[in-house]
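Asker: Provided herewith is a single structure, encoded as structure tokens, for subsequent inquiry.
The values are calculated or read from the model by the stated rules, or taken from the named source; none is laboratory data. As the structure is a computational prediction, the values presented were derived from the model and not from experiment. Cβ placement follows ideal geometry from the backbone for every residue including glycine, while neighbour counts extend to all protein chains displayed.
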Amino acid sequence: MTKMRNIAKYVFLTIVSLISIFPLYWMAVSATHSSIDVIRGALLPGNYLFKNLSNLLSAGDVSGAMANSFKYAIMMTIFSLFICSLAGYGFEIYHDKAKDVIMAVLLLAMMVPFVAIMIPLFQMFSKWRLLNTTMGFLLPTLSTPFLIMLFRQSARSFPHDILEAARLDGLNEFNIFLRIFIPTMKSTYASAAIITFMGAWNSYLWPKVIMTEKTSITMPMLVANLKEGYVTDYGVLMLAVLLCSIPTVIIFFVLQKQFAEGITGAVK
């Protein structure tokens, strides 16, 4: 009876896995077909890949959009991890009731949709002359309540005995954070890096508002531009989506173990 249950369980999980991965497979296959074949629902690889690539390169500045996306996502990841981890560390290590109130306000801010503050932000950034700048892209989401909460939860498992020993050895508080806390929380940093990089890479609404020049276009903006006009080439569109998805897929698979450990540690 137990053996039959295990077989049924694995069959069910296999079916669910295939259903989950099918959209990715269909996207990759569609990138090798013409628009007509994509509409017809072709499920086997075709021979239209290089033609679609040529059409994509002629339709927009793919290399520039890819470079901009990498630049914004990498800078966002580095600065956001440092700022949010420092805040989460401070909230927990130097804990008091006032910081609990501030943290509650930050968590309440998560309930405010970004579109509600987008227009005031645009007006502010326009007056500060931050349109079409990297700083204009980074500032609104450089520090997020979710990441601060993630690092705060992880800091709760950080042994305070190490802090006391480091202080007795003469390390100041900032060096304790840099030389002890950061190396100890590698899994949390990996999970936060995946979340931040994917969020920055896939960001569309704010870059669309703040980046008004063609030289500042990102990959999600380029993909959206391919749908403009009276006729959409779905083969080219699928190829662009595939190229846009590859970096995030690679990063997730490289750091998936640390991601699971970091999320689990934060929950604990």
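Asker: Output the number of the condition that F114 fails; it satisfies all remaining conditions of (1) within 20 Å of the chain's Cα centre (by Cα); (2) exposed (fewer than 14 other Cβ atoms within 10 Å of the Cβ); (3) farther than 30 Å from L222 by Cβ.
Answerer: (3)
Asker: A further question on this structure: Hey, does region 52-69 have a residue that's outside any helix (DSSP H, G or I) and farther than 30 Å from L242 by Cβ?
Answerer: no
Asker: Just to be sure I understand the filter: pairs with C-beta atoms under 9 Å, separated by 6 or more residues or on different chains, first member in region 91-107 and in contact (Cβ under 8 Å) with a residue 40 or more places away in the chain, second member basic (K, R) and surrounded by 11 or more Cβ atoms within 10 Å (Cβ to Cβ). Which pairs pass?
Answerer: Between residues of region 91-107 that are in contact (Cβ under 8 Å) with a residue 40 or more places away in the chain and residues that are basic (K, R) and surrounded by 11 or more Cβ atoms within 10 Å (Cβ to Cβ), the close pairs are F91/K99; F91/R152; E92/K99; E92/R152; E92/R156; M103/R152.
Every residue, every condition in (1) outside any loop (DSSP other than H, G, I, E, B); (2) of a type in the set (A, V, I, L, M, F, W, C); (3) over 22 Å from M198 (Cβ atoms), yes or no:
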{"position": "A116", "(1), (2), (3)": "yes, yes, yes"}
{"position": "S126", "(1), (2), (3)": "yes, no, yes"}
{"position": "N132", "(1), (2), (3)": "no, no, yes"}
{"position": "M135", "(1), (2), (3)": "yes, yes, no"}
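Asker: Another question, then. Here are S34, S30: which of them is in contact (Cβ under 8 Å) with a residue 24 or more places away in the chain, of a type in the set (G, A, S), farther than 30 Å from T215 by Cβ and surrounded by 11 or more Cβ atoms within 10 Å (Cβ to Cβ)?
Answerer: Step by step, each of S34, S30 is checked, and only S34 is in contact (Cβ under 8 Å) with a residue 24 or more places away in the chain, of a type in the set (G, A, S), farther than 30 Å from T215 by Cβ and surrounded by 11 or more Cβ atoms within 10 Å (Cβ to Cβ).
Asker: Tell me, which residue of region 14-34 that is part of a helix (DSSP H, G or I) and among the β-branched types (V, I, T) is nearest to the chain's Cα centre (by Cα)?
Answerer: I21
Asker: Can you say whether A200 is among the aliphatic types (A, V, I, L, M) and either at pLDDT below 90 or touching a His at 6+ places or on another chain (Cβ under 9 Å) (or both), as far as the supplied structure shows?
Answerer: In short, no.
Asker: Can you confirm whether region 8-26 contains a residue that is surrounded by 15 or more Cβ atoms within 10 Å (Cβ to Cβ), touching a helix residue (DSSP H, G or I) at 6+ places or on another chain (Cβ under 9 Å) and either touching a residue at least 12 places away in the same chain (Cβ under 8 Å) or on the phi < 0 side of the Ramachandran plot (or both)?
Answerer: yes
Asker: Of (1) surrounded by fewer than 16 Cβ atoms within 10 Å (Cβ to Cβ); (2) over 23 Å from F79 (Cα atoms); (3) of a type outside the set (F, W, Y); (4) touching a residue at least 24 places away in the same chain (Cβ under 8 Å), L168 satisfies all except one. Which?
Answerer: Of everything listed in (1) surrounded by fewer than 16 Cβ atoms within 10 Å (Cβ to Cβ); (2) over 23 Å from F79 (Cα atoms); (3) of a type outside the set (F, W, Y); (4) touching a residue at least 24 places away in the same chain (Cβ under 8 Å), L168 misses just condition (4).
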